[in-house]
Amino acid sequence: MIPEANIKRRFRTEELEADDSDDPAARSEAAGVEIGLNAAIVAVIDDEPVVLVIRSDADGANGQGDTLPFGPFSPVAHRTLESGLRSWVAEQTGLGLGYVEQLYTFGDRGRHAEPGDQSLHVVSIGYLALTETGHARDLQHGTWRSWYQYFPWEDWRKGRPEILVTEIEPRLRDWAQRPALRSAPVRPVPREDRIRICFGLDGGTWDEEKVLDRFELLYEAGLVDEACRDGREASSIWTGSVPRLGVPMQFDHRRILATAIGRVRAKIKYRPVIFELMPDDFTLFELQKTVEAILGPHLHKQNFRRLVESAGLVEPTGDVKTQTGGRPAKLFRFRREVVLERPAPGVRVKAIRS
C-alpha cells in the first residue's frame with residue numbers, strides 16, 4: 001500500500017518525466033494536479049456489512065484512522081480509470097474486483113489535512129465495488145471492518161441507535177441555536193430544518209440513503225474527529241465534551257465511504273446489485289439478512305419474502321440447506337431474466353423502525 005501522502009512525490013516525478021517540454025511554466029502546469037483512485041470495496045460477512053481498509057493502527061487512536069485502498073492514475077500504465085483502479089486493488093489487496101461503478105470526484109483543496117499545504121493538488125475519483133463473501137475471504141492484504149464502526153448512527157437493526165439519542169441529537173440541537181461562525185458556509189435551509197431532514201427529528205422520516213448528508217452535517221457542526229483534525233472552527237466549541245462519534249479515517253476517506261454507503265443503499269432498490277453480495281445459491285433468510293445489513297433497519301420477514309418472490313427476482317434451485325439451526329430451508333438463486341423483463345428490478349423494501 002502506498003500512503004496517499006507519498007503519492008504526491010511519486011506521481012509528480014512520473015509526470016515530469018513524461019513531459020518533454022522545455023518550458024518551465026508548462027512543466028509546472030503539468031505537475032499541478034494529480035488524479036487518484038479510491039475504492040470503497042463492500043462485502044457482507046456473517047451478516048455484517050464490511051469495507052476493505054488499510055489499517056494504520058488498532059482503533060484509530062492516533063487521530064488518523066484507516067484508509068481506503070488508493071493509488072494514482074497513470075495515463076501511461078492504465079488504459080482507463082477503472083483499469084487503473086482494478087490494478088491498484090489487485091496489487092494492494094490480492095482481490096480481483098467484480099462489480100465496480102464510479103461514485104464521485106473529490107477535489108476540495110485541503111482534503112489532505114495539511115495546513116498551509118502548497119504541494120500538488122490531488123483530485124480523487126471514488127469507486128464503489130461489491131464482492132461476494134467467498135471472494136472477500138480470499139483477501140491477502142488489508143482488513144475487513146464493519147462500516148457501522150465508522151457510522152454507528154446508521155445501524156438501525158436493533159432500533160434507533162443509542163448514540164443518536166444520547167450524543168448526537170442533543171448536540172445538534174445545541175449547535176442549531178448558536179450564532180453562525182464567520183467561517184461557516186451560507187446555507188439556504190436553516191440548521192433546524194436540515195437536522196430534521198437528515199436525522200428524522202420532530203416528526204421527520206429517517207432516510208437511510210442520506211448517509212453523506214448526515215456526515216457532512218456532523219462535520220459542519222464540528223462533531224466528528226475529521227473536523228477537529230482539519231482545523232474547522234466549529235470543532236472548538238466542543239473541546240473535551242464530545243466522545244468519538246465513529247472511527248475516523250485518514251484524509252476525506254470517511255466522506256468517500258459515506259458516499260458509497262448511500263449509493264449502494266439507493267441502488268439495491270432499483271437494480272439487482274444486492275445479488276453481487278450473495279453466493280450463487282442462498283436461502284431467503286440469508287438474502288433478507290444481507291439486505292438488512294446494507295440498509296440498516298429490520299425488515300418484516302413475510303413481507304420481504306412475498307416482495308422478492310412476486311417481483312421475480314429469485315427462483316428455487318430445487319435443493320435445500322440443512323445446516324440452518326432448524327428446519328431445512330429452500331435454496332434460491334438470482335433469476336437473471338428479470339433484468340430483461342423490468343426496467344428497475346430492485347428490492348423495494350419497507351423498513352420497520354422503532
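The values are calculated or read from the model by the stated rules, or taken from the named source; none is laboratory data. Computed from a predicted structure; not experimentally measured. No Cβ is skipped: glycine too gets one built from the backbone with ideal geometry, and neighbour counts run over all protein chains shown.
Would you call residue 264 surrounded by 16 or more Cβ atoms within 10 Å (Cβ to Cβ) and not in a loop (DSSP other than H, G, I, E, B)?
Yes: the conditions hold for residue 264.
Looking across 318, 312, 325, one residue alone is modelled with pLDDT of 90 or more, in a loop (DSSP other than H, G, I, E, B) and not assigned by TED's automatic domain parsing to the domain that holds residue 127. It is 312.
Looking only at segment 242-254, which residues are of a type in the set (D, E, K, R) and surrounded by fewer than 20 Cβ atoms within 10 Å (Cβ to Cβ)?
Answer for segment 242-254, where residues must be of a type in the set (D, E, K, R) and surrounded by fewer than 20 Cβ atoms within 10 Å (Cβ to Cβ): just 244.
Every condition in (1) surrounded by 15 or more Cβ atoms within 10 Å (Cβ to Cβ); (2) part of a loop (DSSP other than H, G, I, E, B) holds for residue 138 except the one numbered (1). Residue 163 meets the conditions (1) among the β-branched types (Val, Ile, Thr); (2) closer than 29 Å to residue 276 by Cβ; (3) in contact (Cβ under 8 Å) with a residue 24 or more places away in the chain in every case but one. The failed one is (2).
Kindly evaluate residue 197 against the criterion of being without any contact (Cβ under 8 Å) to a residue 24 or more places away in the chain and part of a helix (DSSP H, G or I). So residue 197 passes the test.
Considering segment 35-73, the residues that are in contact with a Leu (Cβ under 7 Å, 6 or more places away or on another chain), buried (at least 24 other Cβ atoms within 10 Å of the Cβ) and assigned to a loop (DSSP other than H, G, I, E, B) include one that is modelled with the highest pLDDT, namely 68.
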